[in-house]
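A quick write-up on the structure given underneath.
The values are calculated or read from the model by the stated rules, or taken from the named source; none is laboratory data. These figures come from a predicted structure and were not determined experimentally. Heads up, the Cβs are rebuilt from the backbone with ideal geometry, glycines too, and the neighbour counts pull from every protein chain shown. The protein model used for the area step is the full one, side chains on, heavy atoms only, and it has no ligands, DNA or RNA in it. Shrake-Rupley method; radii C 1.70, N 1.55, O 1.52, S 1.80 Å.
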Amino acid sequence: MLIADIQDLSASYGAQQVLKDISFQINSGDCLAIVGPMGSGKTTLAKALSGRLFRKGSVYFSACDGQSKARVIWVEQQHRFTNRSNMQEFYLQQRFNSADSDDAYTILEHLVEEKKEDVTRWLSFFHLDELIDKPLIQLSNGENKRLQLVKSLLREPDWLILDNPFLGLDVEGRRILSEVLGQLDEMGIHFILINSPAEMPNCVNRVIYLENGTLVDAPDPKDQVIFNPDKMGVWYDGFPPRPDFEVAIGMKAVNIQYGQTTIIQRLDWQVLKGEAWALSGPNGAGKSTLLSLVTADNPQAYAQNLVLFDRKRGSGESIWDIKRRIGYVSPELHLYFKEGGDVFSVVASGLFDTLGLFKKLSDRQAEQVEGCLEVLGLSQIRDRNFQQISSGEQRMVLLARALVKNPPLLILDEPCQGLDVRQIQLIKELINFLINRGETTLVYVSHYASDIPSAVQKELALKAPIG
């Protein structure tokens with residue numbers, strides 16, 4: 001029995017056509033996943049299928065009752081919430097400020113208008129029931145992802161278009177989501193999964209491939225992104241000597257607490273120059289909070305025994321003294337990076353640690369940016385608007401922004417999130433190059449052991465917080 005029929009679907013952003021002549025059908029019993037390389041048009045297809053983007057062609061989805069028009073909901077990668085002041089635009093450091101947490105709704109308050117029994121059911125299903133009084137702004141990336149799914153299911157959809165739902169989930173979160181997806185069809189809720197082929201739940205029994213905005217029979221192996229160590233060496237050797245230090249990060253008996261919840265308790269940690277660390281732990285364990293102390297984004301840093309680059313925190317250094325030595329990328333930075341402008345300008349802003357480019361570049365600085373774009377295989381999109389490229393391409397651009405000044409400390413929080421196999425391999429080889437040179441210090445966060453570069457030999461494992 002036919003339950004979905006998509007014929008000659010096309011979609012554009014302005015004058016640029018992204019999807020062309022997409023046609024496929026879904027029969028009862030099919031569980032469909034759509035995969036493709038970075039920039040292939042997967043998110044655009046998700047928007048078009050759910051009616052969030054103007055489209056040409058015909059799109060039919062069956063409704064559960066067989067009579068009404070199907071309710072098709074797009075569950076996007078990023079989460080968007082409103083606070084008590086009715087503002088939707090949070091800022092990067094806001095989740096670490098206790099005063100701003102008071103202005104944020106809790107999970108329970110956010111869902112107060114929904115049926116209580118349904119809320120209880122889905123929160124328990126996604127293991128969020130113990131977090132009902134937690135402010136939204138303090139949720140981890142993975143916790144936010146699960147709450148997105150709860151909200152979508154509370155709308156009683158006929159179809160879900162799931163855009164990379166596994167992004168940001170830890171091992172337990174991925175297991176929970178796989179189980180839920182396996183049960184949705186039994187509940188009369190169909191879904192299309194847009195995903196990485198590396199994270200495919202057992203319920204998926206059909207996969208179609210998207211490449212350059214069209215469906216193809218199989219992935220095209222050409223145009224592989226290959227790391228070039230010679231090219232990287234030329235770019236790297238063009239930088240001036242770095243300031244010397246011995247201890248990049250030094251923490252003794254660090255405690256971070258919000259209300260009655262202790263996120264980090266009496267933590268000792270020392271990262272010496274040239275070391276490469278993996279930072280691990282489940283969603284909500286405090287990884288982002290810990291890193292916010294290092295990146296000068298958390299005001300509680302002043303009350304801690306914290307040393308950065310051989311200097312006691314709060315001894316007269318400015319935030320910018322710290323940030324100029326750090327290259328940083330994270331899911332939160334991606335979420336809050338709303339600046340427009342072209343890719344070149346976004347990467348160049350990393351030279352000044354700003355969220356936009358407000359200074360004219362010297363010839364040498366322009367060369368640094370061009371070299372970084374080339375090393376990461378981004379030269380072909382240098383003039384594209386950052387907000388109009390794919391999420392995966394945006395993540396690569398933000399990585400280039402973190403690398404462009406060749407910082408002595410790299411903090412890479414889920415840098416491979418949303419990338420395809422080729423880009424992940426490129427990043428791993430690039431990081432190994434930097435670490436093996438012996439001058440770059442690294443803190444690397446990932447829920448996937450396979451994404452961690454081989455040069456990473458040390459690990460700090462955090463546990464779930466104490467309530």
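Here are some conditions: (1) out of contact with any Lys or Arg (no Cβ under 9 Å at 6 or more places or on another chain); (2) acidic (D, E); (3) closer than 26 Å to G173 by Cβ. E393 meets all but one. Which one does it not meet?
So E393 meets the others, but not (1).
Restricting the search to the stretch 387-431, which residues are in contact with a helix residue (DSSP H, G or I) (Cβ under 8 Å, 6 or more places away or on another chain) and part of a loop (DSSP other than H, G, I, E, B)?
Hits for the stretch 387-431 are I389, S390, V404, K405, N406, E414, P415, C416, Q417, G418, L419, D420.
So in the stretch 43-58, with the set limited to residues that are hydrophobic (A, V, I, L, M, F, W, C) and surrounded by fewer than 19 Cβ atoms within 10 Å (Cβ to Cβ), which one is nearest to I192 (Cα to Cα)?
Applying the filter and picking the extreme gives L53.
Take the residues of the stretch 1-42 that are in contact with a strand residue (DSSP E or B) (Cβ under 6 Å, 6 or more places away or on another chain) and in a loop (DSSP other than H, G, I, E, B): which is surrounded by the fewest Cβ atoms within 10 Å (Cβ to Cβ)?
By that ranking, first place goes to S28.
State which residue is farthest from L412 (Cα to Cα) when the search covers only the stretch 277-287 and only residues that are open to solvent by less than 30 Å² (accessible area, probe 1.4 Å) and out of contact with any helix residue (DSSP H, G or I) (no Cβ under 6 Å at 6 or more places or on another chain).
Out of the qualifying residues, it is A285.
Can you name every residue in the stretch 308-334 that is aliphatic (A, V, I, L, M), touching a Lys or Arg at 6+ places or on another chain (Cβ under 9 Å) and over 21 Å from V375 (Cβ atoms)?
L308, I322
Please specify each residue of the stretch 281-326 satisfying the condition of being touching a residue at least 24 places away in the same chain (Cβ under 8 Å) and on the phi > 0 side of the Ramachandran plot.
Within the stretch 281-326, G281, G284, G286, A296, F309, D310 meet the criteria.
Given the criteria open to solvent by 30 Å² or more (accessible area, probe 1.4 Å) and either at pLDDT 90 or above or part of a helix (DSSP H, G or I) (or both), does T82 qualify?
Against the criterion (open to solvent by 30 Å² or more (accessible area, probe 1.4 Å) and either at pLDDT 90 or above or part of a helix (DSSP H, G or I) (or both)), T82 does not qualify.
Mind checking which residues of the stretch 150-179 are aliphatic (A, V, I, L, M), open to solvent by 10 Å² or more (accessible area, probe 1.4 Å) and within 15 Å of G284 (Cβ to Cβ)?
V171
How do the helices (runs of 4 or more DSSP H) wholly within the stretch 305-386 filter down when requiring 3 or more residues that are within 25 Å of D244 (Cα to Cα) and open to solvent by less than 20 Å² (accessible area, probe 1.4 Å): which remain?
On the way: elements: 319-323, 331-336, 343-348, 363-375.
It comes to 363-375.
Quick test of your reading of the structure: I452 fulfils all but one of (1) more than 22 Å from the chain's Cα centre (by Cα); (2) closer than 17 Å to V329 by Cα; (3) not small (G, A, S). Name the failing condition by number.
(1)
Of everything in the stretch 122-141, what is without any contact (Cβ under 8 Å) to a residue 24 or more places away in the chain and in contact with a helix residue (DSSP H, G or I) (Cβ under 9 Å, 6 or more places away or on another chain)? Give them in sequence order.
L128, D129
Grab the strands (runs of 3 or more DSSP E) fully contained in the stretch 142-233, keeping just those with 2 or more residues being without any contact (Cβ under 8 Å) to a residue 24 or more places away in the chain and either within 16 Å of F125 (Cα to Cα) or touching a strand residue (DSSP E or B) at 6+ places or on another chain (Cβ under 7 Å) (or both).
Counting at least 2 such residues, we get no strands (runs of 3 or more DSSP E) at all.
Return the residues of the stretch 325-362 that are charged (D, E, K, R) and touching a helix residue (DSSP H, G or I) at 6+ places or on another chain (Cβ under 6 Å); say none if nothing qualifies.
Within the stretch 325-362, just D353 meets the criteria.
Filter the stretch 108-149 for residues that are touching a Leu at 6+ places or on another chain (Cβ under 7 Å) and β-branched (V, I, T); which is surrounded by the most Cβ atoms within 10 Å (Cβ to Cβ)?
Step by step, filter the stretch 108-149, then rank; the result is V119.
Residue by residue through the stretch 227-276, note down the ones that are open to solvent by 30 Å² or more (accessible area, probe 1.4 Å) and within 15 Å of Q304 (Cβ to Cβ).
Hits for the stretch 227-276 are K252, A253, N255, Q257, Q265, R266, D268, Q270.
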